[in-house]
1. How large are Rg and Dmax for segment 118-275 when only the alpha carbon atoms are used, in Å?
2. Dipole magnitude of the chain about its Cα centre, charges +1 at Lys/Arg Cβ and -1 at Asp/Glu Cβ only, in debye to the nearest 20?
3. Answer with one residue from G50, F170, S221: the one whose Cα lies farthest towards the positive end of the charge dipole of the chain, charges on Cβ with Lys, Arg +1 and Asp, Glu -1.
4. Hey, with R₀ at 51 Å, roughly what FRET efficiency would V237 and K135 work out to, going by the Cβ-Cβ distance, to 0.05?
5. What lysines does K149 reach when the alpha-carbon gap must be under 23 Å and sequence neighbours fewer than 8 apart in one chain are set aside?
6. Return the ratio Rg/(2.2 N^0.38 Å) for the chain, where Rg is computed over Cα atoms only.
7. Give the percent of DSSP beta bridges with both residues in segment 105-248 that are antiparallel, rounded to the nearest 5.
8. Identify, among W109, F209, P88, the residue whose Cα sits farthest towards the positive end of the charge dipole of the chain, taking +1 on the Cβ of Lys and Arg and -1 on the Cβ of Asp and Glu, with the dipole about the Cα centre.
Amino acid sequence: MTVSLPASRDDTAPAPRGLVVDIQNLSLTFETKDGPVYALSEVNLEIARGDFVSFIGPSGCGKTTLLRVIADLERATAGTISVNGMTPAAARMERSYGYVFQAAALYPWRSIERNVTLPLEIMGLPAAERRLRAKKYLDLVNLSGFERKFPWQLSGGMQQRASIARALCFEPDLLLMDEPFGALDEIVRDHLNEQLLRLWDKTGKTVVFVTHSIPEAVFLSSKIVVMSPRPGRIIDVIESDFPRDRSLDIRETPEFLKIAHRVREGLRAGHAYED
């Protein structure tokens, strides 16, 4: 079943009130041989332009499913959703978002530059333009000089930075990130968190980020969405006004700890620790 939008909204109309993502009463049920699986229930969420929004919750709560609904990789069974004022399907066709997966998903036989420019090849951009964009976004993620290297010659963190450059190279308005640093060690993860904040500040992109880590969610986000176990519901939406140029030291401040405590209490209220 496709997701319907309000009758007054055109598929390509501007997003209202500066909204990039507008979700109203959205539910998703998977039909399986063993019966229905209720993945999301009555989700309501607004994401404004320039926000950095993190989804956090227990495993299986629907964080990635909700991200995939925004990306038109899954279809809701009830409710409405718009992305940049369009249906998710129209936004996907307009290349309105870039998607960064949990694994870097780089082709081992292609150089880093050619991995980054793959979407541009598919779009049919000239080779000179592809090279210019690869240089721009590899510079942005601090991978200058690695254009000719292959993925197996880079560390896991560097591979993920290359995948972020690939997601940015066709210049989408929205960046969707599904636990991109989850498999990395804490030191590398902290470093990439700082780099991601600088990238967000430089580009002005709207970012939607899935994580299991409370410190990561609080450090990165302007808005934290706390979700319940399946069926996924939104328990709390926590606003944060930390400065964009914050450093890791902010994690020791009373303000940071207060927000982290509220996230933890929301997870407990949703029975996140039953398993």
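1. Cα-based Rg and Dmax for segment 118-275 come out at 17.6, 55 Å.
2. Details: 34 positive and 36 negative charges, 155 e Å.
In debye, rounded to 20, the chain gives about 740.
3. Of the candidates, F170 comes out farthest on the positive side.
4. Values: r = 38 Å, r/R0 = 0.75.
It comes out at approximately 0.85.
5. Answer for K149, where 23 Å is the Cα cut-off: K135, K136, listed by chain and number.
6. On the way: Rg = 18.8 Å, N = 275, 2.2 N^0.38 = 18.6 Å.
The reported ratio for this selection is 1.01.
7. Numbers: 5 of 10 bridges.
Within segment 105-248, antiparallel bridges account for around 50 percent of the total.
8. With unit charges placed on the Cβ atoms, the residue in question is W109.
A short reminder: the numbers here are calculations on the coordinates, not readings from a lab. Just so you know, these numbers come straight off a predicted model, no measurement behind them. Glycine gets a Cβ as well: all are built from the backbone with ideal geometry, and neighbour counts include every protein chain shown.
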